[in-house]
Amino acid sequence: MNPILSFIVILIGIYGLAISKNIIKSVFCITIVEAGTILLFLNFGAYEGGLIPILTSLGLDVVDPLPQALMITTIVIGSTITSLALMLCIKIFHHYGSIEWKVIFKGDK
Amino acid sequence: MIKKISLILLLLFILFVFITSMSSFSDIYNNAGKIFFSQNGYTDTGSVNLVTGIYLDYRLFDSLFEAAILLIAVSGVMLISEHTIDEKNATFMIDKQKTPELFVTFSRILYPIMLLFGIYVIVNGHLSPGGGFQGGAIVATAILILYYIDIRKTVDVHRVLTIEKFLFLGLVVISSLSFFTRGELFTNFIPLDANIEYKAIFLTSMNILIGAKVALGLVAIFTAFLKEGR
Amino acid sequence: MNDLIPTLLQILLIIIALAIVFHKENFTIIIYISSFGLVAATLYVLNQAPDVAIAEVAIGSAIIPLIYVISISRQREFIVLDRVDHDLINDELIDEKNVELYQILNKFVDHNDLKMNVCANIKGSDEDLTTDLNVDLIVSFDHEKQKFILKGKQSSILMDHLIKETFTYDYIEIVTFKEGESID
């Protein structure tokens, strides 16, 4: 339940994004960063002995429900951004003939 | 080589800053929001599930814009793929895709069960974990499994997009109905001192609209990918 | 013991993330992404958030890998359109050269890790076909010059490689055009 270990996942995702050689690997690393961020936010809300935020009777000791509501929106938006990026990637392949970053930058006449 | 080492050193420095700032975390975290939600959430919104009460009553504005982002993304994918409706009669010689018989039989058994489970998750959003967004994704997966059964199945994408736009309009209209009964926009249209069971009408109808919108949007995106260039 | 399981699962998440960053084949990373989503959903449940876990499983393990599989498999094909009219050719020499042309194309396609996809009998003008159906190469035969003419896009890097390779053969001529304009 450590926030530090989830922060390490975010940093691994950023490193992979800077190092990647083709376009599809970059889109993979964006997914990793997003999952790490969601885990970090949920770690801030939870504590020892808390219960699920569903009130079956009044006066229970529940976990903070606000970060969870924001994170549901984050997951859906992340999936739509990934699909948009992959559609652009297919179009780039049909125009240039390869999917590596260096070749595309150099081959611009 | 120098670039990789300097990148790793920069990331380690960021990790060090994060660790030193986490040591005083309990001073920063404020408990007032959690206490307010757990005391007033059930009587204000009418839902047992507090998370559904938050994204459908206290923060409806965020959910409306999230539905708008879905609409814009689907339109963007349609524009980039230049997808036209009339079927192109291209016969590619080395492109025979034959799904095994086992997949087809299992898909025929699984399809009604998945559809039923998705509708259950949508409608029971305010009583158990679930809701509009989650159930919409499950219904979208159930419709996509139809592609296993018949790979030549055609989906009329224009009609799907038109229905989706009308669903978004319906979402905006129902959420601004509260201006006339309560005096403020984008909240429940049933007055605050009514019985708790009447407030769940608003929650169920919003969940059904959001679930249908998300499912149709994901089906449209997937159809655009599958028909790209064929 | 109860405190050990979330820590172990988080270390497993870090190991899977490292495997995704450092692997080279694009097609096997999709399975890693799916298992990454499942382990993350388990961690969300252990942090008392079942709503977020349902959303992550439905979207991150069913729909996202499906979209990745389609887009990666579209990028491994090289589509060739054959417009040579085989009924009008009576010369055996030209038939031999036709076979040789396809052997050269096969070697070129294997060298670049692609799969070749040949089709025939499609009507339409050239630039419509390259933008609508994403055809990469059009093969036709010119009777006056007695040469095979290959047409392709100017901005594509594969056409540059193809020009370099077929420079020495005298019965092949390569014409490139910009997308959106026709050649006469």
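Any residue in segment A:3-11 that is of a type in the set (S, T, N, Q), on the phi < 0 side of the Ramachandran plot and part of a helix (DSSP H, G or I)?
There is at least one residue in segment A:3-11 that is of a type in the set (S, T, N, Q), on the phi < 0 side of the Ramachandran plot and part of a helix (DSSP H, G or I).
For A:GLY36, are the conditions met, namely being farther than 25 Å from B:VAL74 by Cα and at pLDDT 90 or above?
yes
For the subset of segment A:49-74 comprising residues that are facing chain B (nearest Cβ under 8 Å) and in a helix (DSSP H, G or I), which member is surrounded by the fewest Cβ atoms within 10 Å (Cβ to Cβ)?
Applying the filter and picking the extreme gives A:LEU70.
Could you list, in sequence order, all residues of segment A:22-33 that are at the interface with chain C (Cβ under 9 Å from one of its Cβ atoms) and either assigned to a loop (DSSP other than H, G, I, E, B) or within 12 Å of the chain's Cα centre (by Cα) (or both)? Lay out the reasoning, then the answer.
So the first thing to find is which residues in segment A:22-33 are at the interface with chain C (Cβ under 9 Å from one of its Cβ atoms), and the list is A:22, A:24-25, A:27-29, A:31-32.
A:VAL27, A:PHE28, A:CYS29, A:THR31, A:ILE32 - these are the residues of segment A:22-33 that are at the interface with chain C (Cβ under 9 Å from one of its Cβ atoms) and either assigned to a loop (DSSP other than H, G, I, E, B) or within 12 Å of the chain's Cα centre (by Cα) (or both).
In contact (Cβ under 8 Å) with a residue 40 or more places away in the chain, within 28 Å of C:ILE31 (Cβ to Cβ), within 18 Å of the chain's Cα centre (by Cα) and more than 7 Å from every other protein chain (Cβ to nearest Cβ): which single residue out of A:GLY78, A:GLY36 fits that description?
Only one candidate qualifies: A:GLY78.
Among the residues of segment B:13-62, write down those that are in contact (Cβ under 8 Å) with a residue 12 or more places away in the chain, polar (S, T, N, Q) and over 21 Å from B:TYR198 (Cβ atoms).
B:SER38
How many residues are surrounded by 10 or more Cβ atoms within 10 Å (Cβ to Cβ) and modelled with pLDDT of 85 or more when one looks only at segment B:18-27?
Residues meeting the conditions: 4.
Considering (1) at pLDDT 95 or above; (2) under 30 Å from A:LEU55 (Cα atoms), say which one C:ILE15 fails and leave the rest.
Every condition holds for C:ILE15 apart from (2).
May I ask you to list the residues in segment C:31-59 that are within 9 Å of chain A (Cβ to nearest Cβ) and in contact with a Phe, Trp or Tyr (Cβ under 7 Å, 6 or more places away or on another chain)?
Matches in segment C:31-59: C:ILE33, C:VAL52, C:ALA55, C:GLU56.
Filter segment A:82-97 for residues that are more than 21 Å from B:LEU70 (Cα to Cα) and crowded, with 19+ Cβ neighbours inside 10 Å and give the result.
A:PHE93, A:HIS94, A:GLY97
Being of a type in the set (Gly, Ala, Ser) and facing another protein chain (nearest Cβ under 10 Å) is the filter; apply it to segment B:215-229 and report the residue that is surrounded by the most Cβ atoms within 10 Å (Cβ to Cβ). Step through it out loud before you land on a result.
Step one: of segment B:215-229, the residues of a type in the set (Gly, Ala, Ser) are B:215, B:217, B:220, B:224, B:229.
Filter once more, keeping what is facing another protein chain (nearest Cβ under 10 Å): B:217, B:224, B:229.
Numbers: B:GLY217: 26, B:ALA224: 20, B:GLY229: 18.
Within segment B:215-229, the match that is surrounded by the most Cβ atoms within 10 Å (Cβ to Cβ) is B:GLY217.
Residues being at the interface with another protein chain (Cβ under 9 Å from one of its Cβ atoms) and outside any loop (DSSP other than H, G, I, E, B): count how many of those fall in segment C:3-15. Steps first, answer last, please.
Kept after step one, since they are at the interface with another protein chain (Cβ under 9 Å from one of its Cβ atoms), are these residues of segment C:3-15: C:3, C:6-7, C:10-11, C:13-14.
So of that shortlist, the ones also outside any loop (DSSP other than H, G, I, E, B) come out as C:6-7, C:10-11, C:13-14.
Of the residues in that region, 6 qualify.
Against the conditions (1) in contact with a Phe, Trp or Tyr (Cβ under 8 Å, 6 or more places away or on another chain); (2) under 30 Å from A:HIS94 (Cα atoms); (3) at pLDDT below 90; (4) among the hydrophobic types (A, V, I, L, M, F, W, C), where does B:LEU71 fall short? Just the number, please.
Tallying (1) in contact with a Phe, Trp or Tyr (Cβ under 8 Å, 6 or more places away or on another chain); (2) under 30 Å from A:HIS94 (Cα atoms); (3) at pLDDT below 90; (4) among the hydrophobic types (A, V, I, L, M, F, W, C), B:LEU71 fails exactly one: (3).
The values are calculated or read from the model by the stated rules, or taken from the named source; none is laboratory data. Remember, it's a predicted structure, so these values are computed and weren't measured experimentally. Using ideal geometry, Cβ is built from the backbone for each residue, glycine included, and neighbour counts are taken over all protein chains shown.
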